[in-house]
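Q: The structure that follows is given in the form of structure tokens.
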Amino acid sequence: MEQYLWQSQVLFKDYQQHVKRLSQQVKDASLKPFRQRELPVVFLRDPKTDKDELARTIAAKHGVNSGPVCAISTLEPSPTFEHRGTHLIRRVRPCGVLYQYQIHPEVGWMYARIQTWFPFNIQVGLNGREWLARQMDQQGLKYRQQGNCFVWIEDYEEVQKLMNRQLAMNWAGLLNGLAGQLNPVHESIFERYPASYY
């Protein structure tokens, strides 16, 4: 973090204001596609709320079968930095986070989450069984699903091949694409101190 500030010509005493400004840029850019499509952007005050259940309810209510569903904003304890004296120190503090829920064309129902304060950490949640169900649908394979379990599959050998394709996924391509959706201003923030999520 100190190297980033030095390269960006930001004094330690200006750290707080610099980060606050960039945090707002990340939030605005990340939420822009949702606002343009008039998709719900929800702020949650209660950390106990089941975000996945809320997003699925929103998808059902708005009839979303593919693409972006909603964005959920909340506060969560996150690792970050703080300026103290002549140094920056690591600490965990409540930070704003944004969850983007979507029905991805390949992996299905998923979320991607960004911490909207330095270091802008990203977390991705997807379900391999949901993804497998999409693969089986595309191949015309029959199966029965109960919750998150397959209780019967027509052709186990073919399904194993589909699962093996999941392992061969271009993960860097998928995850970098999601990072670009979450933080469209990443390149400008790290213009003088190149850093990639990979």
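Q: With the checklist (1) out of contact with any Lys or Arg (no Cβ under 7 Å at 6 or more places or on another chain); (2) under 27 Å from A133 (Cα atoms); (3) in a strand (DSSP E or B) in hand, flag the one item Y99 doesn't pass.
A: (1)
Q: Every residue in region 159-198 that is over 30 Å from C70 (Cα atoms) and surrounded by fewer than 15 Cβ atoms within 10 Å (Cβ to Cβ), please.
A: Passing the criteria: Q160, K161, N164, R192, Y193, P194.
Q: Right, another one. In region 144-168, how many are free of Cβ contacts under 8 Å to residues at least 12 places away in the same chain and either of a type outside the set (K, R) or under 19 Å from V107 (Cβ atoms) (or both)?
A: 11
Q: If you don't mind, another one. Using beta carbons and a limit of 9 Å, which pairs, at least six apart or on different chains, have the first residue in region 57-86 and within 30 Å of D14 (Cβ to Cβ) and in contact (Cβ under 8 Å) with a residue 12 or more places away in the chain and the second one among the hydroxyl-bearing types (S, T, Y) and not in a strand (DSSP E or B)?
A: Between residues of region 57-86 that are within 30 Å of D14 (Cβ to Cβ) and in contact (Cβ under 8 Å) with a residue 12 or more places away in the chain and residues that are among the hydroxyl-bearing types (S, T, Y) and not in a strand (DSSP E or B), the close pairs are A71/S30; S73/T116; T74/T49; F81/Y15; H83/Y15.
Q: Is it true that V42 is within 30 Å of Q3 (Cα to Cα) and outside any loop (DSSP other than H, G, I, E, B)?
A: When the stated conditions are applied, V42 does not pass them.
Q: Anything in region 88-146 that is of a type in the set (K, R), at pLDDT 95 or above and under 20 Å from the mean Cα position of the chain (by Cα)? List them, or say none.
A: Residue satisfying the conditions is R113 alone.
The values are calculated or read from the model by the stated rules, or taken from the named source; none is laboratory data. Everything quoted here is computed from the prediction, not taken from an experiment. A quick note on method: Cβ atoms are made from the backbone with ideal geometry, for glycine too, and the neighbour counts reach across all protein chains shown.
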